[in-house]
Amino acid sequence: MVKPAVVALGGGHGTAVTLRAARRYAGSLTAVVSVADDGGSSGRLRELLNVVALGDLRKCLVALAAEDSALALAFEHRFDEGELAGHALGNLILAGLVEATGDLVSGVQAAAQLLHADGDVLPATVERVVLKAEAAGGAEVAGQVAVSRAANIRSVSLVPGDAQPPRRAVERILEADQIVIGPGSLFTSVLAAAAVGGIADAVARSTAQRVYVCNLRPQLPETAGFDVAAHMEALNRHNVSVDVVVCDSSQGMALGDLGISALDIPLTEGNALVHSPVRLAHALASLLA
């Protein structure tokens, strides 16, 4: 049986969980990752080196790294003293590789090769972008950190608005058998990647099975009061098309009136705060079966 081509779309910790799940059943695996972060080590390097945010790319590379990789552990090491305090070593290595290769996609690919990654990691866009949100009442908030602290968000967009994804990201989406969107911060991770114009368009055109993995509970204040249906409404407002949602209402988030198919099953194991890669893998693979 030919194993499926899977694309994971989003950012940070949530997409890293999806990658750890999907590598259990996928034949080929690609992450398309937000680069809009402006906080922490990523934000400091953005300003210092004029690069895109590298932290979410790093997390996804580590999720795909060879098991028991000492280099993957080193990538996650954070310095706690001196001028490097707060920086993750992996962010610094990525910044060096991008500068050495002269190209963001090539630099990330070089890091994947060093880590013997079981798949590819691609940025959602190759240029520096700023995440902007419009809240209820028309108030605008700029910057991912500021957006994450906002409530009553209606929509998000990127500045510049014509930022484009790398061609390879679009190709992988169009070639995929399954596209998995989320889990993760809805506006500041998931839609920060999916709202890139070329990405949303490719997802809409794709013949793949398009799955949204919902968070286990609302994220405060970003999605305060949200049920699963409210997540779907936000995706629809941003022209992000999905066919089925995977969720776990036992963790306290109500379903609401979804309007599409849902696979509502237990998705945690041991730590009830995060998705279990094993259970998520079974859920995603069962949808393809």
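The values are calculated or read from the model by the stated rules, or taken from the named source; none is laboratory data. Please read these numbers as outputs of a predicted model, since none were measured by experiment. Cβ atoms come from the backbone with ideal geometry, glycine included; neighbour counts cover every protein chain shown.
Observations, loosely collected:
- Of all the listed residues (Ile199, Ile260), the sole one being of a type in the set (A, V, I, L, M, F, W, C), within 18 Å of Gly14 (Cβ to Cβ) and touching a residue at least 12 places away in the same chain (Cβ under 8 Å) is Ile199.
- Flag for Gly102 being modelled with pLDDT under 90, more than 17 Å from Ala36 (Cβ to Cβ) and either in contact with a Cys (Cβ under 9 Å, 6 or more places away or on another chain) or surrounded by fewer than 18 Cβ atoms within 10 Å (Cβ to Cβ) (or both): no
- Every residue from the range 267-289 that is assigned to a helix (DSSP H, G or I) and either touching a residue at least 24 places away in the same chain (Cβ under 8 Å) or touching a Leu at 6+ places or on another chain (Cβ under 6 Å) (or both): Pro277, Val278, Arg279, Leu280, Ala281, Ala283, Leu284, Ala285, Leu287, Leu288
- Within the range 24-52, if we keep just the residues that are free of Cβ contacts under 8 Å to residues at least 60 places away in the same chain and not hydroxyl-bearing (Ser, Thr, Tyr), the residue that is nearest to Val159 (Cα to Cα) turns out to be Glu47.
- Only residues that are assigned to a helix (DSSP H, G or I), more than 15 Å from Pro4 (Cα to Cα) and either in contact (Cβ under 8 Å) with a residue 40 or more places away in the chain or in contact with an Asp or Glu (Cβ under 9 Å, 6 or more places away or on another chain) (or both) were counted in the range 160-183, giving 3.
- Yes/no for Val147 being closer than 25 Å to Leu220 by Cβ, in contact with a helix residue (DSSP H, G or I) (Cβ under 7 Å, 6 or more places away or on another chain), modelled with pLDDT under 95 and among the aliphatic types (A, V, I, L, M): yes
- The condition of being in contact with a helix residue (DSSP H, G or I) (Cβ under 8 Å, 6 or more places away or on another chain) and either farther than 22 Å from Ala22 by Cα or charged (D, E, K, R) (or both) holds for Val141.
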